[in-house]
Amino acid sequence: MALVSINELPESILLELFTHVPARQLLLHCRPVCSLWRDLIDLVTLWKRKCLRDGFVTKDWDQPVADWKIFYFLCSLRRNLLRNPCAEEDMGSWRIDSNGGDHWKVESLPGEHGTDFPDPQVKKYFVTSYGMCLKSQLVDLKAEGYWEELMDTFRPEIVVKDWYAARADCGCSYHIRVQLASADYIVLASFEPPPVTIHQWNDAMWTEVSHTFSDYPPGVRHILFQHGGKDTQFWAGWYGPRVTNSSIIISPKTSRSPAPSRAPPETLQGQGETS
């Protein structure tokens, strides 16, 4: 019996086979095989099918997608890029930038004079003291799977979120700073709102802060996330703002966004020098 080439199969069968092949293998090993495979792998239909198969969209999805291949990869990479966001590993994965007063500490929810967190799966939080306490993480996007063309050409949305709360019996000041930086740590865009001051005898409710970077300059290779604060009454112990459930998530664009976030040229402190 004569051997039959796989390319003699109907294109619909080949497309169905490719739907089950991991995306990176499709591009690295299958696409270069021949012009037929290249053309099939470049079809929008294939990447729509893969998105449906992996649950990234539903059959009634009605939002416009500029590039289904890129959409698929962004969905497959989508996760929180911050490690240990809810203090389950004590202070692990965090760089301590300022450790004033009685230093950073981890406590269990709801804590003294505190309230329950909106998500019951979150069990712990980080708490600051009477001197400034700041901690940070520097995310290396290439190490996390986000290649240069993806960030520079398609510029997916970078969504940053954090949660903070005060003790009911003590005032405090909460700080957050997020910066997008180049390979040599030049700041390209920044989110640094004024500190939030919470007065004594507050409701101790948890508050979410959120910011979306969109249409930022090309060249983003790192994301610096820093937050913390201190109490405003200089009490010994841990009476400053409590923080938990922080996140950085890169997502496909679903709509046109407003003007880009920009910052004057500067270098991330302690990360590198300009040449």
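If we keep just the residues of the range 191-205 that are exposed (fewer than 15 other Cβ atoms within 10 Å of the Cβ) and under 27 Å from the mean Cα position of the chain (by Cα), which is farthest from Tyr174 (Cα to Cα)?
If we filter the range 191-205 for residues that are exposed (fewer than 15 other Cβ atoms within 10 Å of the Cβ), which is where we start, we get 192-195, 197, 199, 201, 203, 205.
Among the residues that remain, those that are also under 27 Å from the mean Cα position of the chain (by Cα) are: 192-195, 197, 205.
Details: Glu192: 11, Pro193: 10, Pro194: 9, Pro195: 6, Thr197: 6, Met205: 14 Å.
Restricting to residues being exposed (fewer than 15 other Cβ atoms within 10 Å of the Cβ) and under 27 Å from the mean Cα position of the chain (by Cα), the top hit is Met205.
Do any residues in the range 232-254 that are closer than 20 Å to Asn202 by Cβ and in contact (Cβ under 8 Å) with a residue 60 or more places away in the chain have Cβ atoms under 8 Å from those of residues that are surrounded by fewer than 17 Cβ atoms within 10 Å (Cβ to Cβ) and of a type in the set (Asp, Glu), where the two are at least six apart or on different chains, and which pairs are they?
Trp238/Glu107; Tyr239/Asp169; Arg242/Glu107; Asn245/Asp119
Among the residues of the range 164-175, count how many are out of contact with any Gly (no Cβ under 8 Å at 6 or more places or on another chain) and open to solvent by 10 Å² or more (accessible area, probe 1.4 Å).
Here the count works out to 1.
So in the range 56-115, with the set limited to residues that are farther than 23 Å from Leu134 by Cβ and of a type in the set (Val, Ile, Thr), which one is modelled with the highest pLDDT?
Residue satisfying both the conditions and the ranking: Thr115.
Quick check on my filter: what residues within the range 42-75 are within 22 Å of Leu14 (Cβ to Cβ) and among the polar types (S, T, N, Q)?
Hit for the range 42-75 is Thr45, nothing else.
I'd like the full set of residues that are on the phi < 0 side of the Ramachandran plot, of a type outside the set (A, V, I, L, M, F, W, C) and either open to solvent by 10 Å² or more (accessible area, probe 1.4 Å) or touching a Cys at 6+ places or on another chain (Cβ under 6 Å) (or both), limited to the range 137-155. Working first, answer last.
We begin by selecting, within the range 137-155, every residue on the phi < 0 side of the Ramachandran plot; these are 137-144, 146-154.
Now drop any that are not of a type outside the set (A, V, I, L, M, F, W, C), which leaves 137, 140, 142, 144, 146, 148-149, 152-153.
Scanning the range 137-155 gives Gln137, Asp140, Lys142, Glu144, Glu148, Glu149, Asp152, Thr153.
Out of the residues in the range 71-103 that are without any contact (Cβ under 8 Å) to a residue 40 or more places away in the chain and part of a loop (DSSP other than H, G, I, E, B), which is most open to solvent (accessible area, probe 1.4 Å)?
Initial filter on the range 71-103 (without any contact (Cβ under 8 Å) to a residue 40 or more places away in the chain): 84, 88-90, 92, 96, 99, 103.
Among the residues that remain, those that are also part of a loop (DSSP other than H, G, I, E, B) are: 84, 88-90, 92, 103.
Numbers: Asn84: 13, Glu88: 101, Glu89: 117, Asp90: 93, Gly92: 26, His103: 91 Å².
Looking at residues that are without any contact (Cβ under 8 Å) to a residue 40 or more places away in the chain and part of a loop (DSSP other than H, G, I, E, B), I get Glu89.
Only one of these is in a loop (DSSP other than H, G, I, E, B), touching a Gly at 6+ places or on another chain (Cβ under 9 Å) and either modelled with pLDDT under 95 or open to solvent by 30 Å² or more (accessible area, probe 1.4 Å) (or both): Ala263, Ala236, Ala259. Name it. Show your work before the answer.
Values: Ala263 fails: touching a Gly at 6+ places or on another chain (Cβ under 9 Å); Ala259 fails: touching a Gly at 6+ places or on another chain (Cβ under 9 Å).
Of Ala263, Ala236, Ala259, the one residue that is in a loop (DSSP other than H, G, I, E, B), touching a Gly at 6+ places or on another chain (Cβ under 9 Å) and either modelled with pLDDT under 95 or open to solvent by 30 Å² or more (accessible area, probe 1.4 Å) (or both) is Ala236.
Six or more apart or on different chains, Cβ under 8 Å: which pairs go from a residue in the range 178-199 that's modelled with pLDDT of 95 or more and assigned to a strand (DSSP E or B) to one that's among the aromatic types (Phe, Trp, Tyr) and open to solvent by 30 Å² or more (accessible area, probe 1.4 Å)? Could you list them?
Matching pairs, first to second residue: Val178/Phe191; Gln179/Phe191.
I'd like to check something: does the range 59-70 contain any residue that is open to solvent by less than 60 Å² (accessible area, probe 1.4 Å) and among the basic types (Lys, Arg)?
Checked the range 59-70: at least one residue is open to solvent by less than 60 Å² (accessible area, probe 1.4 Å) and among the basic types (Lys, Arg).
Would you point out the residue of the range 206-226, among those that are in a loop (DSSP other than H, G, I, E, B) and at negative phi, that is surrounded by the fewest Cβ atoms within 10 Å (Cβ to Cβ)?
Here the answer is Pro218.
Within the set of pairs 6 or more residues apart or between chains, which connect a residue that is open to solvent by less than 40 Å² (accessible area, probe 1.4 Å) inside the range 30-55 to a residue that is hydroxyl-bearing (Ser, Thr, Tyr) with Cβ atoms less than 6 Å apart?
These pairs meet every condition: Trp47/Tyr72; Lys50/Thr19; Lys50/Tyr72; Cys51/Tyr72.
The values are calculated or read from the model by the stated rules, or taken from the named source; none is laboratory data. All figures in this text were calculated on a predicted structure; none of them were measured in a lab. Here Cβ is always computed from backbone atoms with ideal geometry, including for glycine, and neighbour counts include all displayed protein chains. Just the protein is used for accessible areas: all its heavy atoms, side chains included, with ligands, DNA and RNA removed. Shrake-Rupley method; radii C 1.70, N 1.55, O 1.52, S 1.80 Å.
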